[in-house]
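Take a look at the structure below.
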């Protein structure tokens, strides 16, 4: 059991290092796209460590407690996540719903802490974050329902192995509509434009993060990197057949994150009600169509 | 050997004693109420788990009692909620006009509940139901509004009349008044009608769509310590009747929804349950009063229970039963936290409150734990029940029901977070500078409920094993729960290890705490020292964002929420008009006309009897 | 002959250890300077070229931030009227430490072309400490970038001590603020 | 279609029929100024408002220190007829006071506060005119009066940077000015043959 927990901590650490590097590389790529030199690839690390070294302010115990709870929840979630179909800390217990709901602990902790700061921008940001979550979760979960129903398991490793088994396709090919919905929902989860409404630095002063500085903000950056890793990895495992070895995983991971980032960088921002109406129009319709086709008619490519 | 009959008689006796004691001294009467409730709960817990209660009847003629796992499961939950709430009585009764009858009715309704769940006879069930309704009806108007009691009573009576007609139908077609055999024996068209009638009763008590109007009115306006009972305990009566109808009545085979292999009736109930979930969620998001918000959340959770019991398999049933427990605990805890705030500040309106965390940290924690459970987030009980329901729905492939349950689940983050942010977090208002944490007697149930919320989420095996007994009693396969509390559903389609999740979560929090504590200490600043785009704001009300919290989202559906209320309003108007017509006909000044009508009706009635 | 045995380094005193940590922190701090742009005056026009592809501030690890809590540099771009100076002081006090101030243009230095105005202050470093001045009316973008590089050098050589100075001479700064402004935070109907 | 000339005539007609006008000035094709007595302001503004000049665009004052008068200027606009109308009225500079036009144009509330702040004019009838609006914590005579010296105020209130006596922005090593002078002298010498130095 202790070994498993240590492996889990290792996975969480790996998640942090990987996503921070990939995010740095992506800043470089975006810089090059915009005809800039862009920062060094390890700039994200410098930013995080700088934040951890500064002296911050605190608005009372809930402000700190929320951050600890949020980061703890996210680290816990990452510990369950398999990297490939072989590398997983808790074999058989990596149930899909753990990721959705344990991730919510992070969100709840952060929301609590942000509201606890007493800043109205933070509350508006939290409101927007939760509303966005209401928007993207439902289509995404309908697609996942289809996947679990087809593969007969809700374990992330199980779903990967199901796709890797000879004769079964990656789900992005087997369920093309579902794959598109999954990717749009992933953009929402990552808070990429056009669904960046809850950060909106120019509009609501970076929303929930408005009162954070120093170590709390640094911890939230770590939290953000790990949660991005969890979300992108969910997509890789659910739709892209997971990975059999770590290099395959790295390639798929990098491709998915970079694609999401590139799409983000050529988009504007939706209003919050547009986010909701958008997700409940096309993605939900596509997800339901895909589910009906796949479950009731059994037409799976 | 405790006997059910004795328990009921003791409670009835205790209720009159409580009346007398409260007349002498409010505090004395309330403490007596606590002791009486505690005694009943202790005897139930002590003898009931092994089905060891005595069912013989010595003093009450015509009454028969029978104990089942199903009934016991409900009765222990409800008695527990009653016990927890009774701790609040000493601090609240002073505010109410008829404090002496408050304690009496409270104990009498508990007697009714014990009777209702321990009976095997339809007429007794009806009798005890009426006892509960009539006693609680007089408790509700002691709060803010009398109309609340009227609408509660109206819907409850509609439900019990439906149930009574159902009972008559069963008796006329099968000649049985025994619950189990009566429901099993009925078949054909009568079965469908009884099914519908019982569900009307169940929906009315559960506050499910479309019979939900009374729920926010009654919950929101009931006395503060009675709202937890309403939400945590009394709506579960509806779930009980719903289970009787959904599980006990043998479904007619020719009415199956083919693609998901479910009887049509059950499928329709699942759809209605889904509408309850979505409707309750949307209304809760919109609501501005913390208690009404929680009432709508009860409606949404009632929808989950209906969905669970209409899926006809043991995983869903286990989820439903677990949800009844988890929601009872969480909802009671949340309502009690709100009650504690209301006691300190005198309001439950979210726009008038803020920053209570600095004054009432323990109440805040209780509320936090409760809403984590309500939202179905891991280390709490709500996650396990929701997970079981999710797995059952996914296994069945019910897409539209799934949309509703996922929507309700994510939506619950939205609405449970609102009171958290508006009441407890944010700016600390200067009006409430004098407020103190709730007294120790009120914190005892708070701590117990907090502990139970966590316990149900971390070690579910004890409760799930008990639920397995109920499933066996209902004729369904038991849930696969291994000793180390690993739940395995549908042969490995889902495996859950709640204890492991909690452990990993604890490890994560520990790591985060280490990171936090190693770094430089932060400078403490006041709540008003926030980023305001460099503007000076000296009024905390301006810096507290709690009104119309989800305004952009509400705007999307606010035009479409009132049609149900309007329907009931017009119905109430029609009823009033008919009443006026009757009044006009009977109570006219001409005594001869009145006499004529009365005689006509008596003749008609006699004619009907002679027929 | 040198001993091959491992000898532990001489025990460092607490002050020395703190200094070492501080130097490590300085490395991170100077390579990731986040700006809070207080665009009061015309010099703000120099910032778009500094941020976009012409000069690309991000290659130095710098970037704009939304709130004072997150920012390291308070960038004063141009003249400061009495009204804005109040807000500037309030903002400066909200920033997390270590914090630096960079002032663009000649107005914060000596009032510039507004030296005789009743509404514009003349010398910013009377009210808050300034680490780097970039002179010019307005300074061109190379000068602005050069100012940032100067600040990085100062952090490296531990001379960017404005925030420490503010703590040490807090009373003096407060008195200057009071003399020119009356009260720093204003109570009136718009702020209640 | 009415052209601008007719519009101006229309305005003149409206105003001159209402009150005695001291002076009319055509500011431009779309703007007319009427100078009237202080007591007629309310009447003429009411007349203008009822005949379509519904929007008060601006209100301010001018300090004619030589005449010892303040001149109040009300600028109203009509959305149907594109003509701005200025209504000017002079008031005493000592204890300046003007009844508020708040009942006619509620939007004047903040203009009057501004005018009070910058010129010290009192507006009885406006309950808030004395509250501070733009200048926070002002402690001198109103700053837009002509007798206010901003430089003296600035010197008194705001510390100035002290430069040493020998401070010079000129670089002593930089001889380009001298060289230019030399070049000029040489060219001049060449042009005049060395006669005029």
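FYI, it's all coordinate maths here, none of it is from the lab. Quantities reported herein were computed from a predicted structural model and do not represent experimental measurements. We place every Cβ from the backbone using ideal geometry, glycine too, and count neighbours over all the protein chains shown.
Which percent, to the nearest 5, of DSSP beta bridges fully inside the stretch D:4-192 are antiparallel?
Among the beta bridges of the stretch D:4-192, antiparallel pairing accounts for roughly 75 percent.
Kindly work out what percent of the DSSP beta bridges joining two residues of the protein assembly as shown are antiparallel, to the nearest 5.
Among the beta bridges of the protein assembly as shown, antiparallel pairing accounts for roughly 60 percent.
Give me the orientation-averaged projected area of the Cα convex hull of the protein assembly as shown, in nm², one decimal. Working shown, then result.
Details: hull surface 316.6 nm².
Over every viewing direction, the Cα hull of the protein assembly as shown projects on average to 79.2 nm².
List the relative contact order of the stretch D:4-192 as a percent without decimals, with contacts defined as Cα pairs under 8 Å and 6+ residues apart.
Computed value for the stretch D:4-192: 14 percent relative contact order.
Any idea what the relative contact order of the stretch C:23-168 is, in percent, if you count C-alpha pairs under 8 Å spaced at least 6 apart? Before the final figure, lay out each step's value.
On the way: 262 pairs, mean separation 35.3, N = 146.
Relative contact order for the stretch C:23-168 comes out at 24 percent.
Which residue, D:35, D:117, D:26, has the most motion in a Gaussian network model of chain D that connects Cα atoms within less than 10 Å?
Greatest mean-square fluctuation among the candidates belongs to D:26.
Ratio of Rg to Rh for the stretch A:174-300, alpha carbon only, Kirkwood?
Working: Rg = 16.7 Å, Rh = 16.3 Å.
Taking Rh as the inverse mean 1/r over Cα pairs, Rg/Rh reads 1.03.
Report the convex hull volume per residue for the stretch B:413-560, counting only C-alpha atoms, in Å³.
In the stretch B:413-560, the Cα hull volume divided by residue count equals 276 Å³.
Could you work out the equivalent-ellipsoid semi-axes for the stretch B:327-391, taking the square root of 5 times each eigenvalue of the Cα gyration tensor, largest first, in whole Å?
Each semi-axis is √(5λ); the values are 26, 11, 9 Å.
Viscosity 1.002 mPa s, temperature 20 °C: Stokes-Einstein D of the stretch C:106-180 from its Kirkwood Cα radius, in µm² per second? Numbers along the way, then the final one.
Values: Rh = 13.7 Å.
Result for D is 156 µm²/s.
Evaluate the Kirkwood expression for the hydrodynamic radius of the stretch B:6-45, namely the inverse of the mean inverse distance over all pairs of different C-alpha atoms, and round to one decimal in Å.
On the way: mean 1/r = 0.0996 Å⁻¹.
Result for the stretch B:6-45, one decimal place: 10.0 Å.
To one decimal place, what Kirkwood hydrodynamic radius in Å is obtained for chain D from all pairs of distinct Cα atoms?
21.0 Å
Measure nothing fancy, just the Cα-based angle from helix B:4-24's long axis to the longest principal axis of chain B, in degrees from 0 to 90, nearest 10.
70 degrees
What do you get for Rg/Rh of the stretch B:24-132 when both radii come from the Cα atoms and Rh is the Kirkwood radius?
Across the stretch B:24-132, the Cα-based Rg/Rh ratio is 1.01.
Averaging over every viewing direction, what projected area does the convex hull of the Cα atoms of the stretch B:454-514 cover, in nm²? List each step's numbers first, then the result.
Details: hull surface 19.2 nm².
Convex hull of Cα atoms, orientation-averaged projection: 4.8 nm².
Please work out, to two decimal places, the log10 of the ratio I(q)/I(0) at q = 0.11, 0.17, 0.21, 0.23 Å⁻¹ from a Debye calculation in which every Cα of the stretch D:111-183 carries one identical scatterer.
-0.53, -0.76, -0.95, -1.04
Starting with the fewest neighbours, write out A:270, B:106 ranked by other beta-carbon atoms found within 10 Å of each beta-carbon. Walk me through the numbers on the way to the answer.
Values: A:270 20, B:106 27.
Fewest to most other Cβ atoms nearby, the residues stand as A:270, B:106.
Can you put B:345, B:446 in order, fewest other beta carbons within 10 Å first?
B:345, B:446
Which log10 I(q)/I(0) values does the stretch B:108-245 give at q = 0.11 Å⁻¹ under the Debye formula, counting every alpha carbon as one identical point scatterer?
These q points yield log10 I(q)/I(0) values of -0.38.
Would you mind giving the average projected area, over all directions, of the Cα convex hull of chain A in nm² with one decimal?
Orientation-averaged projected area of the Cα hull: 15.6 nm².
Once you've got the GNM for chain C with C-alpha springs shorter than 10 Å, pick whichever of C:143, C:160, C:66 has the biggest mean-square fluctuation.
In the Gaussian network model the winner is C:66.
Over every pair of different alpha-carbon atoms in the stretch A:145-234, take the mean of 1/r and invert it; report that Kirkwood radius in Å. Don't jump to the answer; show the numbers that get you there.
Working: mean 1/r = 0.0645 Å⁻¹.
The answer is 15.5 Å.
Hey, what angle do you get for helix A:282-291 against the long axis of chain A, alpha-carbon based, 0 to 90 degrees rounded to 10?
With rounding to tens, the tilt is 30 degrees.
May I ask you to derive the FRET efficiency for residue B:562 and residue D:148 from their Cβ-Cβ distance with R0 = 60 Å, giving the value to the nearest 0.05?
After rounding to 0.05, the efficiency reads 0.45.
In deg cm²/dmol, rounded to 500, what helix-only [θ] at 222 nm does the protein assembly as shown give when every DSSP H run of at least 4 residues adds -39500 (n - 2.57) and the total is split over its residues?
My calculation for the protein assembly as shown gives -19000 deg cm²/dmol from helical runs alone.
Can you give the Rg/Rh ratio of the stretch D:1-52, where Rg is from the C-alpha atoms and Rh is the Kirkwood radius?
Rounded to two decimals, Rg/Rh equals 0.96.
Which log10 I(q)/I(0) values does the stretch D:1-104 give at q = 0.12, 0.21 Å⁻¹ under the Debye formula, counting every alpha carbon as one identical point scatterer?
The computed values of log10 I(q)/I(0) come out as -0.38, -1.10.
State the volume of the convex hull built on the alpha-carbon positions of the stretch B:121-506, expressed per residue in Å³ and rounded to an integer.
Cα convex hull per residue, to the nearest whole number: 126 Å³.
Just need the relative contact order of chain B here, percent rounded to a whole number, with Cα pairs under 8 Å and 6+ apart. Let's see the in-between values first.
Values: 958 pairs, mean separation 66.5, N = 611.
Contact order relative to length: 11 percent.
In whole Å, what is the distance between the alpha-carbon centres of the stretch B:450-476 and the stretch C:74-150?
Using only Cα atoms, the two centres lie 67 Å from each other.
Using the beta-carbon distance between residue D:175 and residue C:190 and R0 = 60 Å, what value does 1/(1 + (r/R0)^6) give for FRET efficiency, to the nearest 0.05?
The pair residue D:175/residue C:190 has a calculated efficiency of 0.55.
If you split all Cα-Cα distances of the stretch B:265-331 into 5 Å bins from zero, what percentages do you get per bin, shortest first?
Taking all Cα pairs of the stretch B:265-331, the binned fractions are 4, 20, 23, 23, 17, 8, 3, 1 percent.
So for the stretch C:20-181, Kirkwood radius off the Cα pairs, Stokes-Einstein at 4 °C and 1.567 mPa s: how many µm² s⁻¹?
Numbers: Rh = 15.8 Å.
For these conditions, the coefficient is 82 µm²/s.
Starting from the Cα-Cα distance between residue C:18 and residue C:169, subtract it from 0.36 nm times their residue separation and give me the gain in nm to one decimal.
52.0 nm
Given just the C-alpha atoms of the stretch B:154-309, how large is their convex hull per residue in cubic angstrom?
Spread over its residues, the Cα hull of the stretch B:154-309 gives 96 Å³ apiece.
Given R₀ = 51 Å, FRET efficiency for residue B:575-residue B:400 by Cβ-Cβ distance, to 0.05?
After rounding to 0.05, the efficiency reads 0.90.
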